[in-house]
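The values are calculated or read from the model by the stated rules, or taken from the named source; none is laboratory data. Keep in mind it's a predicted model, so treat the numbers as computed, not measured. Here the Cβ positions follow ideal geometry from the backbone for every residue, glycine too, while neighbour counts run over all protein chains shown.
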Amino acid sequence: MAIKEFLVRKRFLVQKSLQLKYTALVLVAILATSGIIVLTVLVTHWILLTEKFSSYEMRWALTEVFHQINRWLLLEIPAGLAVAAFAAIIVTHKVAGPVYHLQKVAHEVARGDLTRSVRLRRDDELKNLSTAFNAVIDNMHLLVTKDRKLIMELSQLSTTLYSNLKDKKIKEEEALVMIRKLNDLIGELKALVLQYKIEKS
């Protein structure tokens, strides 16, 4: 049921400014192209037909035909633009949806939740970006898990060593073994931490 709910699109405008901007761009391009084509066709036909038919009655009849064509175009162009706008919103949603999910997960990861991942629909775009983003989260999760395990071991060993030294329940050789173990754990933690590049170039 959860998978079915995930596959059904509940909102098509998830990134309104992004989607509306590109939809407007598509509509302007379509309108400009349509206008140029229609104007070219009408003017060309008018010139060719008026050259062929020189009588006044024939020109008047042609004028009526062109007026009728214009009326049809005035109905068809808005309908075509509405269809184009709907198609553009659906197409931009395939990019805007993934961008929305990437931003949402990025904010959650920035707050420290490394259990999150980006899940996209089958027909969404930016699959490579989401895969790379999920790989980064998985890598961070793995490193933080190792860090946490080593810190817990360090904390436990340090507490035990301190308690034993305080109560004088430990021999020098045992203390040295524990200190060596502490140094080993610190070395592992250091190796993990050094994997991160933190100096900005």
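The rows are residues; the columns are (1) part of a helix (DSSP H, G or I); (2) of a type in the set (S, T, Y).
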{"site": "V144", "(1), (2)": "yes, no"}
{"site": "I151", "(1), (2)": "yes, no"}
{"site": "Y162", "(1), (2)": "yes, yes"}
{"site": "K169", "(1), (2)": "no, no"}
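For segment 23-53, which positions are polar (S, T, N, Q) and either surrounded by 13 or more Cβ atoms within 10 Å (Cβ to Cβ) or not in a helix (DSSP H, G or I) (or both)?
Of everything in segment 23-53, those that are polar (S, T, N, Q) and either surrounded by 13 or more Cβ atoms within 10 Å (Cβ to Cβ) or not in a helix (DSSP H, G or I) (or both) turn out to be T23, S34, T50.
Those residues that are small (G, A, S) and surrounded by 11 or more Cβ atoms within 10 Å (Cβ to Cβ), I need them from segment 156-201; list them, please.
Initially, segment 156-201 is screened for residues small (G, A, S), giving 158, 163, 175, 187, 191, 201.
Across segment 156-201, the qualifying residues are S158, S163, A175, G187, A191.
Need the failing condition index for A24 against (1) modelled with pLDDT of 85 or more; (2) under 16 Å from the mean Cα position of the chain (by Cα), just the number.
In the conditions (1) modelled with pLDDT of 85 or more; (2) under 16 Å from the mean Cα position of the chain (by Cα), A24 misses (2) alone.
Could you say which residue among K94, K4 is part of a helix (DSSP H, G or I), among the basic types (K, R), at pLDDT 80 or above and outside the structural domain of T145 (by TED's automatic domain parsing)?
Details: K4 fails: at pLDDT 80 or above.
Criteria check complete, one pass: K94.
Report yes if E153 is surrounded by fewer than 16 Cβ atoms within 10 Å (Cβ to Cβ), more than 30 Å from L27 (Cα to Cα), at pLDDT 85 or above and charged (D, E, K, R), otherwise no.
Details: surrounded by fewer than 16 Cβ atoms within 10 Å (Cβ to Cβ): no; more than 30 Å from L27 (Cα to Cα): yes; at pLDDT 85 or above: yes; charged (D, E, K, R): yes.
The answer is no for E153.
Given the criteria in contact with a His (Cβ under 7 Å, 6 or more places away or on another chain), modelled with pLDDT of 85 or more and among the aliphatic types (A, V, I, L, M), does L143 qualify? Show your work before the answer.
On the way: in contact with a His (Cβ under 7 Å, 6 or more places away or on another chain): no; modelled with pLDDT of 85 or more: yes; among the aliphatic types (A, V, I, L, M): yes.
Here the answer is no, as L143 does not meet what is asked.
So that you can scan it fast, the table gives a plain yes or no per residue for (1) in contact (Cβ under 8 Å) with a residue 24 or more places away in the chain; (2) under 30 Å from G187 (Cβ atoms):
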| site | (1), (2) |
| --- | --- |
| H45 | no, no |
| A84 | yes, no |
| V99 | yes, no |
| E108 | no, no |
| T115 | yes, yes |
| V136 | no, yes |
| D147 | yes, yes |
| L150 | yes, yes |
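Of (1) outside any helix (DSSP H, G or I); (2) modelled with pLDDT under 85, L192 satisfies all except one. Which?
(1)
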